[in-house]
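Beneath this line is the structure, given in structure tokens, with notes to follow.
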Amino acid sequence: MDQLTSGAAYENAFLIFVDAAGYSTIVAGNPRDRATRGFDLLHHKIASRLAHIADRNRAQFACVWHWAGDGGLIVVHDDEESIARDVTLEFLRSLLTLDLPHLRDEFAQLGVAGRLSLRLAAHRGVLRYRGPEFRDLLHSPDLHFAAHLQKAAPPDTAAVFEDVVRVAGPDADRFEPVGTFEGRGVYLLAHDVRPAAVWLASRGLSGAVPVRAYVERPSQFEKARMIRAAASEVIDLGTSVRTSSRYLVTTERPAHFRDAVLTFLERGGTFRIVLMNPRSEATALLSRQRGEDLVGKTTEALGCLRTFKSRHGNVTDRLEVLQTDDYPGMACLAIDLDEPHALMLTSPYLMAPASSGTPLERGDMPHYTISRASGSLFESQRQLVRAFATSNVERVL
């Protein structure tokens, strides 16, 4: 097999990235020597498969260029582009349909706990080779596109951009269009899974913005972390804010939330608590719908807040308790809404069907953190929280 020439630029090289998804989990869950044998076997299978296909097609260059335990870069080139193409596409297909199932069996025979999965991506572009002394300094914007695509690929799939499919010949039909990534059309090759479905499950719909999700209400300690991070403003919005108010008067130690609030107030911050007016029509209606004593919960919360203020005197002067006649439809803890580092922890109020007989508890509902990285979603949520904290409210403490 030919070698690359120093200083040469290779048109239409195929760049393949391989990654063992779940590598860290397998390493953490197995004795080191056993995991090492497993991933050495992965490297051997990949190198052997590549050499076999390249030799049969008489490709000029096909090499595992770099390997780092859980994956690496493979470069395929031939002056006849169709040869490099055929090697690349057969390699991807063989890894998914032949080698991966066998590797899983061999991992099991070795006693390696955990499921091996592969993420594959291939791209076609220009590769500039500076020489053996610069082996790790390949120059190609296409290399970066391929690396990014591999990270986006769902487990047990091979992802390619549309320009690879355009030259794929009879193999083009094996790839399914699934969406776009970094402005380019993406196609997936998969085995025993639906490509479009796994892409959507992994990447979501177009136009998504970053939001972090939590399966239930974060702990008192996590909420306290947010308050400690605030510079000047905290807003705690909800129907009754009973959980937060209980944190402020708890006799349990450590009292993370209360200590964070007191520290924040002592350094001059403003803490606004917004809850529903227990006498409002919206509160009565919501109580009937949810089958809960929302009036009692709100009244209890107000009692806790009064106790907190009486215990800590002047330091709580910048604690404002506000009532709204409206239904916010969510719980939200927000810090520094007008600052670049603004953050909101929010949870939309969900309701179980009345026939279930088991209403959803607030703490069991999903929660999300939204920052300015969320773009227009952040701004719309910010305006909503600000409106509930300033419009049609009455200060009661």
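The values are calculated or read from the model by the stated rules, or taken from the named source; none is laboratory data. If you're wondering where the values come from, they're calculated on a predicted model, not measured in any experiment. All Cβ positions, even for glycine, are placed from backbone atoms using ideal geometry, and neighbour counts span all protein chains on display. These area figures cover heavy atoms from the full protein model, side chains too; ligands, DNA and RNA do not enter into them. Shrake-Rupley method; radii C 1.70, N 1.55, O 1.52, S 1.80 Å.
Annotations for the structure displayed:
- Verdict on Arg49 being in a helix (DSSP H, G or I), surrounded by fewer than 19 Cβ atoms within 10 Å (Cβ to Cβ) and in contact with an Asp or Glu (Cβ under 8 Å, 6 or more places away or on another chain): yes
- If you go through the stretch 6-30 and keep only what is in a strand (DSSP E or B) and of a type in the set (A, V, I, L, M, F, W, C), you end up with Ala8, Ala9, Ala13, Phe14, Leu15, Ile16, Phe17, Val18, Ala20, Ala21.
- Among strands (runs of 3 or more DSSP E) entirely within the stretch 333-397, having at least 2 residues that are surrounded by 13 or more Cβ atoms within 10 Å (Cβ to Cβ) and touching a residue at least 12 places away in the same chain (Cβ under 8 Å) singles out 343-348, 367-371.
- Once the stretch 231-266 is narrowed to residues that are outside any helix (DSSP H, G or I), at pLDDT below 95 and out of contact with any Leu (no Cβ under 9 Å at 6 or more places or on another chain), the residue that is nearest to Pro340 (Cα to Cα) is Pro254.
Residue-by-condition table, conditions (1) farther than 21 Å from Asp156 by Cα; (2) out of contact with any strand residue (DSSP E or B) (no Cβ under 9 Å at 6 or more places or on another chain):
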| site | (1), (2) |
| --- | --- |
| Gly29 | no, yes |
| Phe39 | no, no |
| His52 | yes, yes |
| Phe61 | yes, no |
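- Gly329, sole failed condition from (1) of a type outside the set (Ser, Thr, Tyr); (2) open to solvent by 50 Å² or more (accessible area, probe 1.4 Å); (3) closer than 20 Å to Glu292 by Cβ; (4) without any contact (Cβ under 8 Å) to a residue 40 or more places away in the chain: (2)
- Close pairs from the stretch 9-30: first more than 16 Å from Ile74 (Cα to Cα), partner of a type in the set (Ser, Thr, Tyr), Cβ under 6 Å, at least 6 apart: Ala21/Ser117; Gly22/Ser117
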